[in-house]
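Undergrad: Before I ask anything, here is the structure I am working with.
The values are calculated or read from the model by the stated rules, or taken from the named source; none is laboratory data. Worth saying up front: this structure is predicted, and the values here are computed from it rather than measured. Every residue, glycine as well, gets a Cβ built from its backbone with ideal geometry; the counts of neighbours run over all protein chains shown. Calculation scope for accessible area: heavy atoms of the full protein, side chains included, ligands and nucleic acids excluded. Shrake-Rupley method; radii C 1.70, N 1.55, O 1.52, S 1.80 Å.
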Amino acid sequence: MVVMWIVVGVVVAIAALLTVLEVQNRRRAKRLAHLEPVDPTLGARSLADAEAAHSMTEGLAKSAHPGITGAGGGLAGS
């Protein structure tokens, strides 16, 4: 009998959690409804720009410090 009450309690707790999450999701959707739909290519373009900037920075750093590759350790030539 105790096991049954534990199972009922767990089911009620899960139902309450799902209800709260659904209410929060609907509130969030209402708050964000005024925003425009997101362009899917925007994220890809931003990622490509960030990777290009990182490559450029890495290339400049390696050309400015040719003895340091990052794989060998702390001091160049030792």
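Undergrad: Which FRET efficiency value, to the nearest 0.05, is calculated for E51 and R31 with the Förster distance at 30 angstrom and r the Cβ-Cβ distance?
TA: On the way: r = 32 Å, r/R0 = 1.08.
Approximately 0.40, to the nearest 0.05.
Undergrad: Something else now. How much of the accessible area of the range 1-51, probe 1.4 Å, is carbon plus sulfur, in whole percent?
TA: Ligands and nucleic acids excluded, carbon and sulfur give 71 percent.
Undergrad: Between L21 and A61, what length comes free when the chain is fully extended (0.36 nm per residue of separation minus the Cα-Cα distance, one decimal in nm)?
TA: Full extension of this stretch gives 9.7 nm more.
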